[in-house]
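Read through the structure below, which is laid out as structure tokens, and then see the notes.
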Amino acid sequence: MIVDKFCANVFFLEVEMRKVLCLLLISCMLLGTLVACNRTTLEGEEKGAMIKMGVATLPNTFDPSAYSVDADTSKVYSLVYSTLTAINGEGELEGYVADEWGYFYDDIYLEDKMYFTLEETGWSDGRALSADDFVYAWKRILSPDNNSPYAALLYCIKNAKNVKNGDMTSDDLGLVAADDKRIEVTFEDGYVNKNGDEVAAQFAEAVANVAFAPLREDKVENAEEWSTKVNVSDILSCGPFFLRSYNVGGKDSERYMEFERNKHFFRNDEENDILDKAVVPHKIICELNGSVNANGEEVGSLEQLAADYKAGNVYYLAEFNPNTYGSASVSSKDALASYVYYFNTENKLFESKEVRKALSMAIDRNEIAKIVGCGATAATGFVPNGVFNTTSGSSFRSKGGNLYKTDVEGAKALLKQAKVTSGSFTISYVEEKESGVNKAVAEYVASVWSGLGFDVKVKGEAQDNAYYLQSLIYGTSNKPFDVLAMDLSLSSTNALAYLAPFASGFSGGSVDIRDEAFVDAHLTHYNSEEYNTLAEQAVYTSDRNKKAELLHKLENLLVEDSPAIALVFYKNSYAVSSKLSDVEHYYNGAPNFNKAELEGWRDINKKIEQEEEAKNAAAQQQAQGE
């Protein structure tokens, strides 16, 4: 009996000791994790790596909600803007600034609502990011005075369309900042039909688009043309980096953009949080194509950027032409962007849908994909690859099938039916700095259409001429186009973003509040009662399966009427140096450098600093000589 008690006591002590050891082990692991979360490799006054990246152009606008004429803008926007939610590289929705969101029913006002709660983070000037900044940005999209193709994605919000059309004020909008860290959205009556959680998930997915990034009212309202005539002090960042400096070129100058760490980005306790807690690199230096240095040497061509990457002087390459695409090991993601030709349907030649469809049918899109290269594929519908269908990750394009088929004889028959077999018009395209791809595509298309009996000219518009291009897009130019060729870069996983703008009242265009009957239509001036009705139904249908059915009907009708035709779908392609690790990419291929590590960065920084010193000395010497 005594022996049994002794053995039992020993066993009890062993169990208790094991518990204590387990607790100690867990404590050590937690402590190690906490230390690791606030650990840095920076020493003294060091700030971190400077990473050189090769890209093509400065964005034509830094307004994330505007229509961009360049599909590459997403690569820059991901550096300077953050959104409530994000869609990761696997196509999964995750929180970004928002740490929580969901549906709730307001028992007092008897309304369907959802909320977002925000994490603590800051603007690049040190001011805390607040719910009001998101509310301002979204109300701006819905302002009658503002043009944005993304407006229809917000029309499920109570009174949103009426606000956009000038029938109500922004005070009537079902969108409020309940406090500094909470946004509340009220949905239109009847929009939620016992599917509140599904509706909240859909809306959270829609606003993952950078178009719905927050903006600072004090900067946007007080800085004239803040997004196009770029003054770096006007472009405040709520993302991981801010625009420190840039140069668009000129005599004896290199073209570049320099982004620096936003030290207020997710650093809640700046006195105790390490400098590189949320953003590891100090700078991202984007070398732009087309630069010429003080010695007259071309230093920024895409060929030179590719050579610099191969030589180990550029560590991330994000822009290619058909000649450089095979020069590196490239990864690609669907860019959610297309190259599109828009017809001016007010031009008598393009009034008939048969003429427009015939011109579309005559084109061999596979030939255009060969000209564009860089992973681009022939467009098989208007909505690009990568857009979701009924669930995250499902493919709208696969379900919709191939809607564009080359049929030259069928095109001739349609033209004969429309009694249009000749006429003169011009294809206007955006001139790139270097590659000449857009011109080559225009010349190919012109040759095909000339073979149908038309006299077709091609005309390039300078990419830097953002004002003229925007005026064409929004129909405010006094120089109407015939056929306009531009990137359609919406970076949205929602087919509604690509299709709704062709419907009257859903274009996102501005309203002349002096004339209640006037609503700015799509830039093509396309107006179809059937299309408008389908769009209205799709916008206000919350059941995802039913919405998808309506959206496929919309796309089929758009392809049939062809006010605009997609030619190719773009890929976001990139090459990452073996020295650069932990670079992530969002679903549309935009880079995330927040945790990027550059091997040997201290030596690389010294080299960059020495190059800068030599450059400045040469510039001073030249100035003295003049």
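Val559 passes all but one of (1) at pLDDT 95 or above; (2) in contact with a Lys or Arg (Cβ under 9 Å, 6 or more places away or on another chain); (3) not in a helix (DSSP H, G or I); which number fails?
(3)
Of all residues in segment 538-566, how many are touching a residue at least 60 places away in the same chain (Cβ under 8 Å) and closer than 21 Å to Asn344 by Cβ?
Residues in segment 538-566 being touching a residue at least 60 places away in the same chain (Cβ under 8 Å) and closer than 21 Å to Asn344 by Cβ: 9 in total.
For the structure I just gave you, tell me whether Ser170 is modelled with pLDDT under 95 and not assigned by TED's automatic domain parsing to the domain that holds Asn594.
Spelling it out, it is not the case that Ser170 is modelled with pLDDT under 95 and not assigned by TED's automatic domain parsing to the domain that holds Asn594.
With respect to Lys370, determine if the residue is surrounded by fewer than 17 Cβ atoms within 10 Å (Cβ to Cβ) and either more than 21 Å from the chain's Cα centre (by Cα) or in the same structural domain as Asp561 (by TED's automatic domain parsing) (or both).
yes
Condition first: under 22 Å from Glu254 (Cβ atoms) and either assigned to a strand (DSSP E or B) or in the same structural domain as Asn88 (by TED's automatic domain parsing) (or both). Now tell me which residues in segment 592-621 satisfy that.
Correct list: Leu598 only.
Determine whether Ser82 is over 19 Å from Cys238 (Cα atoms) and of a type in the set (Ser, Thr, Tyr).
Judged against the criteria, Ser82 is not a match.
For residues in segment 77-133 being on the phi > 0 side of the Ramachandran plot and surrounded by fewer than 14 Cβ atoms within 10 Å (Cβ to Cβ), which is nearest to the chain's Cα centre (by Cα)?
Selected residue: Gly126.
From the list Ser74, Ser78, Ser65, exactly one residue is part of a loop (DSSP other than H, G, I, E, B), among the hydroxyl-bearing types (Ser, Thr, Tyr), out of contact with any Asp or Glu (no Cβ under 8 Å at 6 or more places or on another chain) and under 29 Å from Met53 (Cα atoms). Which is it?
Ser65
Does segment 338-354 contain any residue that is under 16 Å from Phe569 (Cβ atoms), crowded, with 24+ Cβ neighbours inside 10 Å and in contact with a helix residue (DSSP H, G or I) (Cβ under 9 Å, 6 or more places away or on another chain)?
Yes, there is a match, as at least one residue in segment 338-354 is under 16 Å from Phe569 (Cβ atoms), crowded, with 24+ Cβ neighbours inside 10 Å and in contact with a helix residue (DSSP H, G or I) (Cβ under 9 Å, 6 or more places away or on another chain).
Going by what's in this entry, would Leu554 be described as in a helix (DSSP H, G or I), modelled with pLDDT of 95 or more and more than 18 Å from the chain's Cα centre (by Cα)?
yes
Condition (residue is at pLDDT 95 or above, part of a strand (DSSP E or B) and loosely packed, with under 13 Cβ neighbours inside 10 Å) applied to segment 572-582: is it met by at least one residue?
yes
Considering only residues that are assigned to a helix (DSSP H, G or I) and either assigned by TED's automatic domain parsing to the domain that holds Ala306 or touching an Asp or Glu at 6+ places or on another chain (Cβ under 9 Å) (or both), look in segment 344-357 and name the one that is farthest from Leu496 (Cα to Cα).
Leu349
Taking into account only those residues within segment 103-117 that are of a type in the set (A, V, I, L, M, F, W, C) and free of Cβ contacts under 8 Å to residues at least 60 places away in the same chain, which is farthest from Phe203 (Cα to Cα)? Can you show your working first?
Keep residues of segment 103-117 that are of a type in the set (A, V, I, L, M, F, W, C), which gives 104, 108, 110, 114, 116.
Restricting the remaining residues to those that are free of Cβ contacts under 8 Å to residues at least 60 places away in the same chain gives 108, 110.
Working: Ile108: 23, Leu110: 20 Å.
Among them, the one singled out is Ile108.
With the structure loaded, tell me whether Thr324 is among the β-branched types (Val, Ile, Thr) and assigned by TED's automatic domain parsing to the domain that holds Ala440 or whether it fails that test.
On the way: among the β-branched types (Val, Ile, Thr): yes; assigned by TED's automatic domain parsing to the domain that holds Ala440: no.
Taking the combined requirement at face value, the residue does not satisfy it.
Search segment 497-532 for residues being assigned to a helix (DSSP H, G or I) and crowded, with 24+ Cβ neighbours inside 10 Å, and hand back the single one that is modelled with the lowest pLDDT.
If we take residues in segment 497-532 being assigned to a helix (DSSP H, G or I) and crowded, with 24+ Cβ neighbours inside 10 Å, then Pro501 is modelled with the lowest pLDDT.
The values are calculated or read from the model by the stated rules, or taken from the named source; none is laboratory data. Everything numeric in this text was worked out from a predicted model, so none of it was measured. With ideal geometry, Cβ positions are generated from the backbone for all residues, glycine too; neighbour counts draw on all protein chains shown.
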